[in-house]
Amino acid sequence: MAVKEIMDTLANQTVANKKLSELVKDIRLVGNVLEVIFMLPDRTLESEIREKAMQALKEVEGIGEVRVRFADMTPPPQQSPAFQRRRLPGIKHLIVVGSGKGGVGKSTVAVNLAVAFSKLGYKVGLLDADIYGPSVPTMLGIKNQKVEVDAFQRIIPIEKYGMKVMSIGFLLPSEDTPLIWRGPMLMKALMQFLFDVKWGSLDFLVLDLPPGTGDVQLTLAQTVEMDGAIVVTTPQDVALADVKKAVVMFKEVGVPVLGVIENMAYFVCPETGNKYYIFGKGRVLGFAQAYGLNVLGSIPIEPEVSETSDTGVPVVESYPESASAKAFLNIAKIISQELERR
Ligand SMILES: Nc1ncnc2c1ncn2[C@@H]1O[C@H](COP(=O)(O)OP(=O)(O)OP(=O)(O)O)[C@@H](O)[C@H]1O
Ligand SMILES: [Mg+2]
């Protein structure tokens, strides 16, 4: 029996013109006891929802007992029209690394910038906000680690390279566990990563976003104060077209765009020292100027970068003399100066 089957069953039941599945806040299965927590739009509907849910779920195979509970009535922040952004207590600068397109190197940039901030002497946290495809644990060589909670039920982040790190990957039983959780549950987990993780006091909390301009980006923008967004792109037109969407989105939700990072900007042939602009030259600069944005730096294509993503030692740590490591350190300096100036 899967979550989908439960949701489909509940979708076939309606109360006050609403599908029961739309009212689900959480689902827990312990042994063969299924507990479903509903949001209650109206107190008078309580018994009708309970009866219909119990009746329908009884038929699902593999469930021994069904318990129905109701959540408190405060609407979650993402559903509240007049959203209130909160500052994360103790965190001086919260920055997000995003792009409009997948695979352009956001996670690589987020991880290496975080390590670079740490090398510059700042207190740093790194939050893998890519709840659908977490890659930070692999990139830092901590993919089998599990987190613990303290006496106040706060999650204790994993420490690596002098940083505090949190990812949904630390909560999954194994690396190849498929993420069968539904969006709202993952989103709730992400909110917990922000507010219920023992981050302590940090100079920088770096968030690695999933690709695109979807629900994670919007929910975050409505929930927390973000001090700046960094947009990663490659010089290809197709990536640039998508990056426009990301820039527009950050502007629309009122998050200042600190600038653009051009990744995979060029390749230097190790034999000849010749520079090849594989994905095009000058396009990112032209694009940034058109949007009144800074180019924070350009990262070359280097085998060291991709190799170290897999081995779990980011290039800033493993090859500090490489051109990409130097570029990351330089970008970290530019960003810290910019944010400290404000
Ligand atoms: N400058 C670079 N030189 C060489 N390889 C790179 C470079 N930047 C990124 N890569 C490699 O490209 C791949 C994609 O990078 P990464 O996972 O950081 O992208 P992403 O934008 O986070 O992807 P997703 O959208 O899936 O989250 C990785 O294997 C990474 O090692
Ligand atoms: Mg990524």
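The set of residues in the stretch 180-226 being more than 16 Å from ligand 1 (Cβ to nearest atom), surrounded by 17 or more Cβ atoms within 10 Å (Cβ to Cβ) and among the hydroxyl-bearing types (Ser, Thr, Tyr) consists of Thr219, Thr223.
Return the total of residues in the stretch 3-60 being more than 32 Å from the chain's Cα centre (by Cα) and not in a helix (DSSP H, G or I). Working first, answer last.
First pass over the stretch 3-60, keeping only residues more than 32 Å from the chain's Cα centre (by Cα): 12-17, 32, 42-60.
Those left that are additionally not in a helix (DSSP H, G or I): 12-17, 32, 42, 59-60.
Going through the stretch 3-60 one residue at a time, the tally reaches 10.
Does the stretch 177-188 include one or more residues that are closer than 29 Å to Lys92 by Cβ, in contact with a Leu (Cβ under 9 Å, 6 or more places away or on another chain) and in contact (Cβ under 8 Å) with a residue 40 or more places away in the chain?
Let us first name the residues in the stretch 177-188 that are closer than 29 Å to Lys92 by Cβ, namely 186-188.
If we keep only those that are in contact with a Leu (Cβ under 9 Å, 6 or more places away or on another chain) as well, we get 186.
Pick out the ones that are also in contact (Cβ under 8 Å) with a residue 40 or more places away in the chain and you get 186.
Looking through the stretch 177-188, at least one residue is closer than 29 Å to Lys92 by Cβ, in contact with a Leu (Cβ under 9 Å, 6 or more places away or on another chain) and in contact (Cβ under 8 Å) with a residue 40 or more places away in the chain.
The set of residues in the stretch 150-175 being more than 19 Å from the chain's Cα centre (by Cα) and surrounded by 18 or more Cβ atoms within 10 Å (Cβ to Cβ) consists of Tyr161 alone. The residues of the stretch 107-127 that are of a type outside the set (A, V, I, L, M, F, W, C), in contact (Cβ under 8 Å) with a residue 40 or more places away in the chain and in a loop (DSSP other than H, G, I, E, B), listed by number, are Tyr122, Lys123.
This table checks each residue for (1) within 16 Å of ligand 2 (Cβ to nearest atom); (2) hydrophobic (A, V, I, L, M, F, W, C); (3) in contact with a His (Cβ under 8 Å, 6 or more places away or on another chain).
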site: Glu159; (1), (2), (3): no, no, no
site: Ala189; (1), (2), (3): no, yes, no
site: Leu207; (1), (2), (3): yes, yes, no
site: Gly212; (1), (2), (3): yes, no, no
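Taken over the stretch 190-211, residues that are over 17 Å from Lys123 (Cα atoms) and either among the hydrophobic types (A, V, I, L, M, F, W, C) or free of Cβ contacts under 8 Å to residues at least 40 places away in the same chain (or both) amount to 6. Can you pull out the residues in the stretch 97-106 that are in contact with a Pro (Cβ under 9 Å, 6 or more places away or on another chain), under 22 Å from Glu304 (Cα atoms) and not in a loop (DSSP other than H, G, I, E, B)? The one that is in contact with a Pro (Cβ under 9 Å, 6 or more places away or on another chain), under 22 Å from Glu304 (Cα atoms) and not in a loop (DSSP other than H, G, I, E, B): Lys106. There is at least one residue in the stretch 145-162 that is within 21 Å of Ser324 (Cβ to Cβ) and in contact (Cβ under 8 Å) with a residue 60 or more places away in the chain.
Could you say whether any residue in the stretch 297-311 is more than 11 Å from ligand 1 (Cβ to nearest atom) and touching a residue at least 40 places away in the same chain (Cβ under 8 Å)? There is no residue in the stretch 297-311 that is more than 11 Å from ligand 1 (Cβ to nearest atom) and touching a residue at least 40 places away in the same chain (Cβ under 8 Å). Within the set Ala246, Ala229, the sole residue that is small (Gly, Ala, Ser), surrounded by 14 or more Cβ atoms within 10 Å (Cβ to Cβ) and at pLDDT 95 or above turns out to be Ala229.
The values are calculated or read from the model by the stated rules, or taken from the named source; none is laboratory data. It should be emphasised that the depicted structure is a prediction, and the values quoted were computed from it without experimental measurement. With ideal geometry, Cβ positions are generated from the backbone for all residues, glycine too; neighbour counts draw on all protein chains shown.
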